[in-house]
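Notes follow once the structure below has been shown.
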Amino acid sequence: MTQESHAAYPMPQLSERDFNSLAHFVTERLGIRMPRVKLLMVQSRLLRRLHELGLDTFSDYQDLLLNSQSAEQEQRHFFDLITTHKTDFYREPAHFDFLAQRILEKLPKGHLRLWSAGCSSGEEAYTLGMILADHSVCHPGFSYEILGTDVSQRILNAARDAIYPEEHVAPVPLAQRKRYLLRGKDSQAGMVRIAPELRQRVEFMRLNLMDPRFPLSAEMNVIFFRNVMIYFDRPTQARVLSGICRHLCPGGHLFISHTESILSSDLPLVQVAPSVFRKLA
Ligand SMILES: C[S@@+](CC[C@H](N)C(=O)[O-])C[C@H]1O[C@@H](n2cnc3c(N)ncnc32)[C@H](O)[C@@H]1O
């Protein structure tokens, strides 16, 4: 945009008042804290959306988001834009070593249910998938299922597509890259896709951790709940953690990020390694 056109069509500015009301809505619906320092980030993430909708001001956007007939539909877009999706394959690798050496080693047979809560674009769930698939090859009596959930529909679609830039899979060990990743050709050159056998083993579902009940059909043996509660305030962290714990089977393991902590002492958990907890029987 030239300087002249910029002057003729000034960029909408997010006022403090509009920010506060959007921030309140985000905290109430997603649990995510929105301190004043996030104002410019929120403004820049929403500007393109205003443009797509042909809206001139953030107040108009807020009316659409909160009071219009299409409010619910717009809220989905808004949640996609406002949530932070940074993730990686083999992020915090010590957790995957713990899973392989301390949990799976003792399970030559049986059925394991794993949940990546706040799974973003699927890298965490597929990392689990590769490790579990390797284990089941060597142990025919062993089976597993993996669930990935997130509040953002757009990011869940990306997780289901399972297509990633080649440089993103650098942390995946070579043997697993050969076994579980397909290299793109022509228009997909430079991209890789998770192999269908692995994609079929991972289910993705929209779930807002703020909902009072999680629609899960069974208790989980392993829950990865990492780099999500860091965005929540303390009461929300405690409430969501207690919901997560209710869905962990006795003896099951909960993994949180190394940068997070569990402050509540009321939970039936014992710490077994840095940022790894076991539910008491
Ligand atoms: C930073 S990513 C973490 C991804 C992965 N767990 C990891 O550690 O790499 C945080 C994810 O939590 C999701 N999220 C935030 N608030 C949520 C909520 N209330 N319910 C469910 N998911 C939420 C976001 O959409 C985002 O994809």
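Among the numbered conditions (1) without any contact (Cβ under 8 Å) to a residue 40 or more places away in the chain; (2) surrounded by 14 or more Cβ atoms within 10 Å (Cβ to Cβ); (3) away from the ligand (no atom under 16 Å from the Cβ), the only one that Ser187 does not meet is (2).
For the stretch 151-164, give me each residue that is within 16 Å of the ligand (Cβ to nearest atom), without any contact (Cβ under 8 Å) to a residue 60 or more places away in the chain and open to solvent by 20 Å² or more (accessible area, probe 1.4 Å). Result: Asn157, Ala158, Arg160, Asp161. When residues in the stretch 171-184 are screened for being without any contact (Cβ under 8 Å) to a residue 12 or more places away in the chain and of a type in the set (Gly, Ala, Ser), 1 of them pass.
Listed by position, the strands (runs of 3 or more DSSP E) inside the stretch 169-281 whose residues that are over 20 Å from the mean Cα position of the chain (by Cα) and at pLDDT 95 or above number at least 2 are 181-183, 191-194, 248-255, 269-273, 276-279. The test for being open to solvent by less than 40 Å² (accessible area, probe 1.4 Å), within 20 Å of Asp233 (Cα to Cα) and either within 12 Å of the ligand (Cβ to nearest atom) or not in a loop (DSSP other than H, G, I, E, B) (or both) does not hold for Leu65.
Do you know which residues across the stretch 26-46 are surrounded by 15 or more Cβ atoms within 10 Å (Cβ to Cβ) and assigned to a helix (DSSP H, G or I)? If the condition is that a residue be surrounded by 15 or more Cβ atoms within 10 Å (Cβ to Cβ) and assigned to a helix (DSSP H, G or I), then Val26, Thr27, Arg29, Leu30, Lys38, Leu39, Val42, Gln43, Arg45, Leu46 are the ones that fit. Restricted to the stretch 92-106, and to residues there that are open to solvent by less than 50 Å² (accessible area, probe 1.4 Å) and not aromatic (Phe, Trp, Tyr), the residue that is farthest from Arg193 (Cα to Cα) is Ile103. Kindly provide the set of residues from the stretch 202-231 that are within 16 Å of Leu132 (Cβ to Cβ) and open to solvent by 30 Å² or more (accessible area, probe 1.4 Å), ordered by number. Matches in the stretch 202-231: Glu203, Asn221. Only a single item in (1) free of Cβ contacts under 8 Å to residues at least 12 places away in the same chain; (2) charged (D, E, K, R); (3) within 11 Å of the ligand (Cβ to nearest atom) is not met by Asp80, and it is number (1).
Note on the stretch 68-78: among residues that are out of contact with any Leu (no Cβ under 8 Å at 6 or more places or on another chain) and not in a helix (DSSP H, G or I), the one that is nearest to Asp233 (Cα to Cα) is Ser68.
Given Glu145, Glu124, which one is in contact (Cβ under 8 Å) with a residue 60 or more places away in the chain, closer than 30 Å to Lys109 by Cβ and either more than 14 Å from the ligand (Cβ to nearest atom) or buried (at least 19 other Cβ atoms within 10 Å of the Cβ) (or both)?
On inspection, the qualifying residue turns out to be Glu124.
The values are calculated or read from the model by the stated rules, or taken from the named source; none is laboratory data. Just so we're clear, the structure is a prediction, and the values are computed from it rather than from any experiment. Neighbour counts run over all protein chains shown; Cβ positions are idealised from the backbone, glycine included. Surface areas here come from the heavy atoms of the whole protein model, side chains and all, with no ligands, DNA or RNA. Shrake-Rupley method; radii C 1.70, N 1.55, O 1.52, S 1.80 Å.
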